[in-house]
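Some notes on the structure that comes next.
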Amino acid sequence: DIVMTQSPLSLPVTPGEPASISCRSTRSLLHSSGHNFLDWYVQKPGQSPQLLIYLAYNRASGVPDRFIGSGSGTDFTLKISRVEAEDVGVYYCMQALQTPPFTFGPGTRVDIK
Amino acid sequence: QVQLVQSGAEMKKPGASVKVSCKASGYTFTAFYIHWVRQAPGQGLEWMGWINPNSGGTTYAQEFQGGVTMTTDTSISTAYMELSGLKSDDTAVYYCARATYGTSGYQHLDNWGQGTLVTVSS
């Protein structure tokens, strides 16, 4: 199975400042189609997870443009250009290339300093 | 709008079974796969499997094979996840999620249910 890791696991942020989360996989997530099968989800406090980014850099419907996904192969990054208070939550990356199983990273908890 | 509404919390004894439902609305039920993901208290997300409502075909994570059964009733746009032989470490919130199936076999989970807490305790 592909194992996903994330860093940091905890990220205190200051509103208005940028924030960045790294996600790595044990195998390349680059499909022959040229797409990386890597998604980002966020779980806000008390809520269900929700899709944030798909195929490494595509924002899901309604996601603000301050969320930027990048990377290819085994190394990916989620950047928040200017953190807002509503961005607090746990961010997960998930690989969708070698399935089953789909595998999630351990999650990065983002909270306000 | 797309909605997935799950059944209510359950409390079960070890060895029992639980069946969680997930009622879909706002889209053509048979056109999208349904996945199940669970989250133990204070832990991360664990993928369990998926079902194709159109064919009834299923794919389960290896660790759940033999213990989980996913089904659908297309007449009422509802998916079910049944877990048998419950143990205390099956205590978790269970989520259903709709998967958009793209080209090349890619899927992402674009809508999630509200979650169902299953507590296993003697």
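The values are calculated or read from the model by the stated rules, or taken from the named source; none is laboratory data. All values derive from a computational prediction rather than experimental measurement. Cβ: placed from backbone, ideal geometry, glycine included. Neighbour counts: every protein chain shown. Protein only, heavy atoms only, side chains kept; ligands, DNA and RNA dropped before computing areas. Shrake-Rupley method; radii C 1.70, N 1.55, O 1.52, S 1.80 Å.
Taking strands (runs of 3 or more DSSP E) as the structural unit, those lying wholly within the range A:26-104 and holding at least 2 residues that are among the hydroxyl-bearing types (Ser, Thr, Tyr) correspond to A:67-72, A:89-95. Could you list, ordered by first residue, the pairs with Cβ atoms under 9 Å in which the first is in the range A:23-45 and more than 14 Å from A:Phe102 (Cα to Cα) and the second is crowded, with 17+ Cβ neighbours inside 10 Å and charged (D, E, K, R), at least 6 apart or interchain? Listed pairs, sorted by first residue: A:Val42/A:Asp87; A:Lys44/A:Asp87. Kindly indicate which of A:Ser48, A:Ser33 is exposed (fewer than 14 other Cβ atoms within 10 Å of the Cβ) and more than 12 Å from A:Gln95 (Cα to Cα). The match here is A:Ser33. Summed over the range A:1-19, the residues that are surrounded by fewer than 16 Cβ atoms within 10 Å (Cβ to Cβ) and in a strand (DSSP E or B) give a count of 4.
Cβ-Cβ distances below 7 Å connect the following pairs, each with a first residue in the range A:92-107 that is without any contact (Cβ under 8 Å) to a residue 40 or more places away in the chain, a second residue that is assigned to a loop (DSSP other than H, G, I, E, B) and among the aliphatic types (A, V, I, L, M), and a separation of six or more residues or different chains: A:Pro100/B:Ala61; A:Phe102/A:Ala96. Entry remark, the range B:77-114: residues being at the interface with chain A (Cβ under 9 Å from one of its Cβ atoms), small (Gly, Ala, Ser) and closer than 16 Å to B:Ser7 by Cβ number 2 in total. Filtering the range B:35-76 to residues that are open to solvent by 30 Å² or more (accessible area, probe 1.4 Å), more than 14 Å from chain A (Cβ to nearest Cβ) and assigned to a loop (DSSP other than H, G, I, E, B) leaves B:Asn54, B:Ser55, B:Gly56, B:Gly66. Is it the case that A:Arg66 is farther than 23 Å from B:Gln43 by Cβ, open to solvent by less than 30 Å² (accessible area, probe 1.4 Å), among the basic types (Lys, Arg) and at pLDDT 95 or above? Answer is yes for this residue. Residues in the range B:77-116 that are at pLDDT 95 or above and surrounded by fewer than 16 Cβ atoms within 10 Å (Cβ to Cβ): B:Glu82, B:Ser84, B:Gly85, B:Lys87, B:Ser88, B:Asp89, B:Gln114.
A single member of A:Ala85, A:Ala96 is farther than 14 Å from A:Ile21 by Cα and more than 10 Å from chain B (Cβ to nearest Cβ), and it is A:Ala85.
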